[in-house]
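The values are calculated or read from the model by the stated rules, or taken from the named source; none is laboratory data. Computed from a predicted structure; not experimentally measured. Cβ: placed from backbone, ideal geometry, glycine included. Neighbour counts: every protein chain shown.
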Amino acid sequence: GDSVTQMEGPVTLSEEAFLTINCTYTATGYPSLFWYVQYPGEGLQLLLKATKADDKGSNKGFEATYRKETTSFHLEKGSVQVSDSAVYFCALSPLNAGNMLTFGGGTRLMVKP
Amino acid sequence: DAGITQSPRHKVTETGTPVTLRCHQTENHRYMYWYRQDPGHGLRLIHYSYGVKDTDKGEVSDGYSVSRSKTEDFLLTLESATSSQTSVYFCAISEGGGGYTFGSGTRLTVV
C-alpha cells in the first residue's frame, strides 16, 4: 500500500542554519504531495503542496520539489528561525482515493537561538 | 482556524463510560475526518465522512463510532472508553485536493 517515510527526529539546529527534512514515498501512479506543520498545542496546518512531478511548492521560506525519479519530496529552508520549531509531517494523497491522506510519522525540529 | 471547532478541548473520563467528541465546521466542506495522535504512532485515521450520513472506517476504528446528520457536524463516540483510548483527537475538513484544515484538538484522558 501507499506509505510515507520521514527522517526521524528530533532535528536540532541553530538559528539561521539550513534545514533539510527528508521525505520519500511509495505509491502507485502520481500522487499529490504535502507538507504539514504542527506547532505546540495546535492542530496541523498545510505548509505547502505539489500536485505533479517537478512541481515546487513554497511557503514562508520553505520549499519542496516533487521528484518522481527518486520518489522524494524533501523540505528545505535556507535560514531557520526559533519560531520554526515544530513538528513537520509529509503526506501524500493518491489518485482516485477519495481525498484520503497518508501521513508520515512526523519530524520534530528544534531551533536554538 | 475559526472555520472548524472541536469540543471539548480537554476531557477526563472513567473507564467504561461513553464519550462523545464534537467537530463543527462553518466551511460547508464535503469531507470530514477524525484522527488520533499518539507518541510513536503519528496520526492515525479513525473514521471519515464524505457526506451527510455517509461515513466509513479508517485504520483504527475499533471501539469508535461516528455520525454525521448535518453537513457541519461530525460526532465521534467512544461507546465504552478504555485507557488505550487516551489520546489527542483531531478533526479535519476538506473540500478535495488533499488540503485539510485541522481543528485544535481534544485531549482525552481515560482513567
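Structure data summary
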{"read-out": "1 or more residues without any contact (Cβ under 8 Å) to a residue 24 or more places away in the chain: qualifying strands (runs of 3 or more DSSP E) within segment A:1-103", "value": "A:44-50, A:56-59, A:62-65"}
{"read-out": "Members of segment B:56-79 that are of a type in the set (S, T, Y), outside any strand (DSSP E or B) and under 14 Å from the mean Cα position of the chain (by Cα)", "value": "B:S61"}
{"read-out": "Test result for B:S49, touching a strand residue (DSSP E or B) at 6+ places or on another chain (Cβ under 7 Å), outside any strand (DSSP E or B), of a type in the set (S, T, N, Q) and closer than 28 Å to A:A50 by Cα", "value": "no"}
{"read-out": "Residues of segment B:87-111 satisfying the condition of being more than 13 Å from chain A (Cβ to nearest Cβ) and crowded, with 17+ Cβ neighbours inside 10 Å", "value": "B:S87, B:L108, B:V110"}
{"read-out": "B:G40 part of a loop (DSSP other than H, G, I, E, B) and facing chain A (nearest Cβ under 10 Å)", "value": "yes"}
{"read-out": "Subset of segment B:80-102 [at pLDDT 95 or above, touching a strand residue (DSSP E or B) at 6+ places or on another chain (Cβ under 7 Å) and outside any strand (DSSP E or B)]", "value": "B:A81, B:T82, B:S83, B:Q85, B:T86"}
{"read-out": "Restricting segment B:6-25 to residues that are touching an Asp or Glu at 6+ places or on another chain (Cβ under 7 Å) and without any contact (Cβ under 8 Å) to a residue 60 or more places away in the chain, the residue that is surrounded by the fewest Cβ atoms within 10 Å (Cβ to Cβ)", "value": "B:R22"}
